[in-house]
Amino acid sequence: MDKNPLYSEKVMEHFRNPRNVGEIENADGVGMVGNPTCGDVMQLFIKIENDKIADVKFKTFGCGAAIATSSMMTELVKGKTIEEAVKISNKTVAEALDGLPPIKMHCSVLAEEALQSALEDYFTKNPDKRIDLPRLKKHKEP
Ligand code: FES
């Protein structure tokens, strides 16, 4: 197949074969965010063990760039501590995919915000586990 002129091969590969799609039963945190630019929606499920993201799954009702960035984000955060995971920004995810066209950068924000939303849910359910993470403070419910 010819190379896509807009998207890197990594983006196309994650779009065609997204990793970690689905739901986690009895997830420790569930995040749900909408992208105000286009109306696309993402749901993210996390399982926390020993303060690490032991498992993560997502469902994205959105464009190809949103699916590819969600997929890459789940791969990057799996096995990380909460503190490490929160540092993974949408830019980190886009770089790991060898870039996104500027017009599609807003799509990568969905994955970052869904993770923050899922962590916020986890901290609400487990107040004793809450850690002060400056990046989380930006998050607003959709
Ligand atoms: Fe909506 Fe990409 S166009 S997330």
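All of the numbers you see were taken from the coordinates with simple rules; none came from a lab. What you are looking at is a predicted structure, and each value in this text was computed from that prediction instead of being measured. Quick reminder, even Gly has a Cβ in these numbers, built from the backbone with ideal geometry, and neighbours come from all protein chains shown.
Need pairs with beta-carbon distance below 6 Å; first residue under 18 Å from Ser71 (Cα atoms) and within region 33-54, second assigned to a loop (DSSP other than H, G, I, E, B) and within 14 Å of the ligand (Cβ to nearest atom); sequence gap 6+ or separate chains.
Val33/Pro142; Gly34/Pro142; Asp40/Gly62
Can you name the number of the only condition in (1) within 24 Å of Asn50 (Cβ to Cβ); (2) in contact with a Leu (Cβ under 8 Å, 6 or more places away or on another chain); (3) among the β-branched types (Val, Ile, Thr) that Thr81 fails?
(2)
Residues of region 38-56 being within 24 Å of Leu6 (Cβ to Cβ) and surrounded by 19 or more Cβ atoms within 10 Å (Cβ to Cβ), which ones?
Initially, region 38-56 is screened for residues within 24 Å of Leu6 (Cβ to Cβ), giving 38-42.
Asp40, Met42 - these are the residues of region 38-56 that are within 24 Å of Leu6 (Cβ to Cβ) and surrounded by 19 or more Cβ atoms within 10 Å (Cβ to Cβ).
Taking the conditions exactly as written (in a helix (DSSP H, G or I), over 15 Å from the mean Cα position of the chain (by Cα) and under 17 Å from Gly31 (Cα atoms)), does Thr124 satisfy them or not?
Values: in a helix (DSSP H, G or I): yes; over 15 Å from the mean Cα position of the chain (by Cα): yes; under 17 Å from Gly31 (Cα atoms): yes.
Yes: the conditions hold for Thr124.
If the Cβ limit is 9 Å and pairs must be 6+ apart or interchain, which residue in region 121-132 that is touching a residue at least 60 places away in the same chain (Cβ under 8 Å) and over 16 Å from Met32 (Cβ atoms) pairs with which residue that is among the acidic types (Asp, Glu) and exposed (fewer than 13 other Cβ atoms within 10 Å of the Cβ)?
Lys129/Asp51
Considering region 76-120 alone, what residues qualify as being under 17 Å from Lys59 (Cα atoms) and touching a residue at least 60 places away in the same chain (Cβ under 8 Å)?
Correct list: Cys107, Val109, Leu110, Ala111, Glu113, Ala114, Leu115, Gln116, Ser117, Ala118, Leu119.
Pick from region 84-115 the residues that are aliphatic (A, V, I, L, M) and not in a helix (DSSP H, G or I): which of them is farthest from Asp132 (Cα to Cα)?
Leu100
Every residue, every condition in (1) under 15 Å from Ala118 (Cβ atoms); (2) within 16 Å of the ligand (Cβ to nearest atom), yes or no:
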{"position": "Glu9", "(1), (2)": "no, no"}
{"position": "Met72", "(1), (2)": "no, yes"}
{"position": "Lys80", "(1), (2)": "yes, no"}
{"position": "Lys87", "(1), (2)": "no, no"}
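If you check Lys59 against the conditions, is it assigned to a strand (DSSP E or B), in contact (Cβ under 8 Å) with a residue 24 or more places away in the chain, buried (at least 16 other Cβ atoms within 10 Å of the Cβ) and out of contact with any helix residue (DSSP H, G or I) (no Cβ under 8 Å at 6 or more places or on another chain)? Full working, then the answer.
Working: assigned to a strand (DSSP E or B): yes; in contact (Cβ under 8 Å) with a residue 24 or more places away in the chain: yes; buried (at least 16 other Cβ atoms within 10 Å of the Cβ): yes; out of contact with any helix residue (DSSP H, G or I) (no Cβ under 8 Å at 6 or more places or on another chain): yes.
The answer is yes for Lys59.
Taking the condition of being at positive phi and within 14 Å of the ligand (Cβ to nearest atom), how many residues in region 13-61 meet it?
Matching residues across region 13-61 total 1.
Here's the yes/no breakdown for (1) within 16 Å of the ligand (Cβ to nearest atom); (2) crowded, with 24+ Cβ neighbours inside 10 Å; (3) of a type in the set (S, T, N, Q):
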| position | (1), (2), (3) |
| --- | --- |
| Cys63 | yes, no, no |
| Lys104 | yes, no, no |
| Ala111 | yes, yes, no |
| Ala118 | no, yes, no |
